[in-house]
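The values are calculated or read from the model by the stated rules, or taken from the named source; none is laboratory data. Remember, predicted model here, so these are calculated numbers, not experimental data. Ideal geometry is used to build each Cβ from the backbone, glycine not excepted, and the neighbour counts take in all protein chains shown.
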Amino acid sequence: MEKIKILILFFALSCMCSCNAQLMQTLFSGLNVNSLGKALAKQLGDAHEMAIGQNSLEKQMDLFNNEVGRNVPQYVNPADYFKLALDRGELRYLSPLDSDALVIAGVTQLIPTNQ
């Protein structure tokens, strides 16, 4: 039931902010901890970011957001935690992006999600 609440939160937030991918990254990292344990979730998340040709800023953002997801305290509601992390700027997104949503070399930066 908790996973369903988290997914509902994700889809609700995806309609309200431009941080969809960042929230999804964090969400799945957190869910992987619940299913696989923290060490294996880290290995899985890190391996996913080793794609050849991935932009270094994208990789840095994804690894950062993965870590936030892996560190959800066990005593809190994960859905509340992710919403709070998003609102507090504890996740990162890339901005500005070009018209194809790609990084602009020398211009794009990692931005906290509350900005």
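Screening the range 43-86 for residues that are acidic (Asp, Glu) and out of contact with any Asp or Glu (no Cβ under 9 Å at 6 or more places or on another chain) and picking the one that is nearest to GLN25 (Cα to Cα) gives GLU67.
Within the range 90-115, the set of residues being assigned to a loop (DSSP other than H, G, I, E, B) and of a type in the set (D, E, K, R) comprises GLU90, ASP98, ASP100. Could you list, in sequence order, all residues of the range 76-115 that are among the β-branched types (Val, Ile, Thr) and farther than 21 Å from SER56 by Cα? Matches in the range 76-115: VAL76 only. Only residues that are aromatic (Phe, Trp, Tyr), surrounded by 14 or more Cβ atoms within 10 Å (Cβ to Cβ) and modelled with pLDDT under 90 were counted in the range 55-106, giving 3.
Of all residues in the range 75-89, those satisfying the criterion of being over 15 Å from PHE64 (Cβ atoms), touching a residue at least 60 places away in the same chain (Cβ under 8 Å) and either assigned to a helix (DSSP H, G or I) or touching a strand residue (DSSP E or B) at 6+ places or on another chain (Cβ under 9 Å) (or both) are PRO78, ALA79, LYS83.
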